[in-house]
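Visitor: Once you've had a glance at the structure underneath, I'll fire off some questions.
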Amino acid sequence: MYFKYVYAIINYNRYFRLSTEGFFNSPVYTIPYKDISAAVSDIPSRSIPVNRENLWLHETIVEYLFNEYTILPMRFSSIWPSEEAVINMMRKYYDNFYRNLKNLNYKVEMGVKILWPVEEILSSMKIKNLKLLELESKIKNTKANNYLQEKMKDYLVNEALKERAQILTNNIQEYLTTFVESKKSHVMVTRKMMLNGVYLLNKNSVDGFKHQVQIIKKKYPYLKFLVSGPWPPYNFIKINSVSGLEV
């Protein structure tokens, strides 16, 4: 008995054997339903061991599909017992799949992480918070009060850093507006990471986006930019109830 390993749902509506192989050197092919398809390969096992080699192969197939189609990637080891089961899954979630494939057609995701020199930022801000000064003047010099004072100081410093990080993030993202259709960003994930953002854009906008990041780098030479992509738009798939889908 062979099971169906599903790599992704794609915007293709015919049976087709792709020019690549999946697990167990099995050909990757499509199982169509209406105007979408599941990209699958046949495997003799109910599960695939989680290791670097297998994870790499899964991602390689997903990337191959991404370069050819609009895709909704499935999680590693998404396995169904039969072709009928795969078709039933597509039938059940067809509206979700179709809507997402339409919204993400010809779209990619870019990732941007920004690291900043925290100590230099703090020095340049010259933080002298009035609330902190008032607290220090009122609390006596005891161990318990020193502990409370340090906790309050950390809180006030973090709040000041978050405010500064948000201002910088807003300024930087303003430069990217022309190329970005949607974004998800988290400010000051850690003290050293000022921004962790993902950006949805048209495939034709990738070069312009990267060029704009280079311009931003020159404007903010004290920030370190870590840019990744283009990737399948994992973070912009709006499906929450499909077992196996990469969301």
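Derivation of every value follows stated rules applied to the coordinates shown; laboratory data play no part. The shown structure was predicted, so the numbers you read here are calculated from the model rather than taken from an experiment. Neighbour counts are summed over all protein chains in view; Cβ atoms, including those assigned to glycine, are modelled from backbone coordinates with ideal geometry.
Visitor: Along the stretch 18-31, what does the Karplus equation 6.51 cos²θ - 1.76 cosθ + 1.60 (θ = phi - 60°) give for ³J(HN,Hα), rounded to whole Hz, x for Gly and Pro?
Guide: Each residue of the stretch 18-31 in turn: 7, 8, 8, 10, x, 5, 6, 6, 7, x, 8, 9, 9, 10 Hz.
Visitor: Is the stretch 26-113 rounded, prolate or oblate when judged by the Cα gyration tensor, a ≥ b ≥ c being the square roots of its eigenvalues, rounded requiring a/c under 1.5 and prolate requiring a/b larger than b/c?
Guide: Values: a/c = 1.92, a/b = 1.06, b/c = 1.82.
Note, shape of the stretch 26-113 comes out oblate.
Visitor: Quick check on the stretch 152-220: take the gyration tensor over C-alpha atoms, sort the square-rooted eigenvalues as a ≥ b ≥ c, and tell me if it's rounded (a/c under 1.5), prolate or oblate.
Guide: Details: a/c = 3.13, a/b = 2.24, b/c = 1.39.
Prolate is the answer for the stretch 152-220, as a/c is 1.5 or above and a/b outweighs b/c.
Visitor: Once amide H atoms are placed 1.01 Å from N in the peptide plane, what residues at a sequence separation of 5 or more from ARG75, or on another chain, have their amide H within under 5 Å of its amide H?
Guide: Distant-sequence amide H within range of ARG75: LEU245, GLU246.
Visitor: Another question, if that's okay. Report the FRET efficiency, 1/(1 + (r/R0)^6), for LYS219 and ASN13, where r is their Cβ-Cβ distance and R0 is 41 Å, rounded to 0.05.
Guide: Details: r = 47 Å, r/R0 = 1.14.
FRET efficiency, LYS219 to ASN13: 0.30.
Visitor: Using a 10 Å cut-off around each Cβ, can you sort MET193, MET1 from fewest to most neighbouring Cβ atoms?
Guide: On the way: MET193 18, MET1 7.
Ascending number of Cβ neighbours within 10 Å: MET1, MET193.
Visitor: Please go through the residue pairs LYS92/LYS184; LYS102/LYS224; LYS102/LYS219 and name each one whose alpha carbons sit more than 32 Å apart in this structure. Don't jump to the answer; show the numbers that get you there.
Guide: Numbers: LYS92/LYS184 29 Å; LYS102/LYS224 35 Å; LYS102/LYS219 37 Å.
From the list (LYS92/LYS184; LYS102/LYS224; LYS102/LYS219), the Cα-Cα distance tops 32 Å for LYS102/LYS224; LYS102/LYS219.
Visitor: Here is a further query. Packing-wise, with mean Cβ within 10 Å as the measure, how do 48-59, 64-75 rank, highest first?
Guide: Working: 48-59: 12.8, 64-75: 20.1.
Peptide ranking by packing, descending: 64-75, 48-59.
Visitor: Now a separate question. Report the relative contact order of the stretch 3-105, percent, no decimals, based on alpha-carbon pairs under 8 angstrom and at least 6 residues apart. Present the calculation step by step, with values, prior to reporting the outcome.
Guide: On the way: 181 pairs, mean separation 36.3, N = 103.
This gives 35 percent for the stretch 3-105.
Visitor: OK, next. Rank-order 198-207, 212-221 by packing density, defined as the average count of other C-beta atoms within 10 Å over each peptide's residues, highest first. Could you put the intermediate results ahead of the total?
Guide: On the way: 198-207: 17.0, 212-221: 12.6.
The most tightly packed comes first, giving 198-207, 212-221.
Visitor: While we're looking at this one, here's another question. Once the Cβ-Cβ distance between ASN202 and ASN170 is put in as r, and R0 is 25 Å, what FRET efficiency do you end up with, to the nearest 0.05?
Guide: On the way: r = 23 Å, r/R0 = 0.92.
For R0 = 25 Å, the calculated efficiency reads 0.60.
Visitor: Give the relative contact order (percent, whole number) for the stretch 144-209; include only Cα pairs under 8 Å separated by 6+ residues. Walk me through the numbers on the way to the answer.
Guide: Numbers: 52 pairs, mean separation 17.8, N = 66.
The normalised contact order for the stretch 144-209 reaches 27 percent.
Visitor: List every DSSP H helix in the chain whose Cα atoms extend 18 Å or more along the helix's own long axis and whose mean Kyte-Doolittle hydropathy is at least -1.0. Present the calculation step by step, with values, prior to reporting the outcome.
Guide: On the way: long enough: 52-68 (24 Å, -0.51); 143-176 (49 Å, -0.90); 206-219 (20 Å, -0.68).
Flagged H segments are 52-68, 143-176, 206-219.
Visitor: Determine the relative contact order of the chain: mean sequence separation of Cα pairs under 8 Å and six or more apart, normalised by residue count, in whole percent.
Guide: On the way: 386 pairs, mean separation 55.7, N = 247.
Computed over the chain, the figure is 23 percent.
Visitor: Which option, [x] -0.82, -1.12; [y] -0.62, -1.03; [z] -0.79, -1.00, is the value of log10 I(q)/I(0) by the Debye sum over Cα atoms at q = 0.12, 0.15 Å⁻¹ that was calculated from these coordinates?
Guide: Given [x] -0.82, -1.12; [y] -0.62, -1.03; [z] -0.79, -1.00, the structure-derived one carries the label [z].
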